[in-house]
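A.B. asks: Below: one structure in structure tokens.
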Amino acid sequence: MKSIKKQVRIEFEERKSKFIGYAKPISTKLEAEEFIGMIREMHPDATHNCTVYRVIDNGQEYFKADDDGEPSGTAGKPMGEILTYMDVSNVVVVATRYFGGIKLGAGGLVRNYAKTAKLAILEGEIVEFIERKECLLDFSYEKISEIESLLIAGNDELLNKDFNERVTYRVKVSKETFEKLSEMKDILIIM
């Protein structure tokens, strides 16, 4: 299964309409919905925030496309077709449009929403999808460099750091990294 490597933003103009594309690798339906909500909050004055996501969450595939007020089938559907054509899953794409005063027509909308999705996915770099699990790591200060090196080597995500009597990291790690962490001494892993 393929997804994208990183969260991205692209932008282009077509006949005075501004298109901004966002893409993000995701692991859950909730993550997709939260990302869509965040982009909508960033662009409350946009003419449209059209969306599509495809994610396999706990063995169940979810696919959702939304035209957000554009004529039916001119935004979400062509974006979804790009996900299928490029064979990517576990990804969410939001295409934000600011209308420039010149109507694009149904064909123009289809082409430009598909272009937005394609450019965002290409910018995000298609890679083999590696499922990552979120967990908390609790360890002593002496382990910081060893754990950070392991996370970097595994291309894992460090979501949050807390420094108290001991160090607590909230991370998203691959199965391989999780197994390496499990073998370490003086580390508590909370799922």
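The values are calculated or read from the model by the stated rules, or taken from the named source; none is laboratory data. Note that the structure is predicted; figures quoted are calculated from it, not measured. Cβ atoms come from the backbone with ideal geometry, glycine included; neighbour counts cover every protein chain shown. When the accessible area is computed, the model is the full protein with side chains, heavy atoms only, and any ligands, DNA or RNA have been set aside. Shrake-Rupley method; radii C 1.70, N 1.55, O 1.52, S 1.80 Å.
A.B. asks: Which ³J(HN,Hα) values, rounded to whole Hz and listed in residue order, are derived for the stretch 24-30 from phi using the Karplus coefficients 6.51, -1.76 and 1.60 in 6.51 cos²θ - 1.76 cosθ + 1.60 with θ = phi - 60°, glycine and proline given as x?
C.D. replies: Each residue's phi maps through the Karplus curve to give 8, x, 9, 10, 9, 4, 4 Hz.
A.B. asks: Relative contact order, percent, of the stretch 1-141 when contacts are C-alpha pairs under 8 Å separated by at least 6 residues?
C.D. replies: 37 percent.
A.B. asks: For a 27 Å ceiling on Cα separation, which of these pairs sit above it: Lys6/Lys133; Lys29/Lys175; Lys5/Lys77; Lys18/Lys133?
C.D. replies: Lys18/Lys133
A.B. asks: Rounded to whole Å and ordered largest first, report the semi-axes of the equivalent ellipsoid of the chain derived from its Cα gyration tensor (root of 5λ).
C.D. replies: 38, 16, 13
A.B. asks: Moving to a separate point now. Distance between the C-alpha centers of the stretch 136-191 and the stretch 41-86? Whole Å please.
C.D. replies: 34
A.B. asks: Still on this model: Over the stretch 103-191, what is the mean sequence separation of C-alpha contacts under 8 Å (at least six apart), divided by residue count, expressed as relative contact order in percent?
C.D. replies: 34
A.B. asks: Now for a separate question. Once every DSSP H run of n ≥ 4 in the chain is given -39500 (n - 2.57) and the sum is divided by its residues, what mean residue ellipticity at 222 nm do you get, rounded to the nearest 500 deg cm²/dmol?
C.D. replies: -10500 deg cm²/dmol
A.B. asks: What spacing in nm lies between the two simple spin-label points modelled at Glu134 and Ser149, each 7 Å away from Cα in the Cβ direction?
C.D. replies: Simple spin-label model gives 2.9 nm for this pair.
A.B. asks: Using only the Cα atoms of the stretch 18-93, what are the Rg and Dmax in Å?
C.D. replies: Taking only Cα atoms of the stretch 18-93, I get Rg and Dmax of 12.0, 37 Å.
A.B. asks: To continue, here is another question. Provide the per residue accessible area, probe 1.4 Å, for the stretch 52-112, rounded to a whole number of square angstrom.
C.D. replies: Computed with neighbouring chains in place, this is 47 Å² per residue.
A.B. asks: Obtain the nm distance between the two label points defined at Glu125 and Leu188 by a simple spin-label model: each point lies 7 Å from its Cα along the Cα-to-C-beta direction.
C.D. replies: Simple spin-label model gives 3.6 nm for this pair.
A.B. asks: Using a Gaussian network for the chain with springs between C-alpha atoms less than 10 Å apart, which of these wobbles most: Asn49, Asn90, Asn58?
C.D. replies: Asn58
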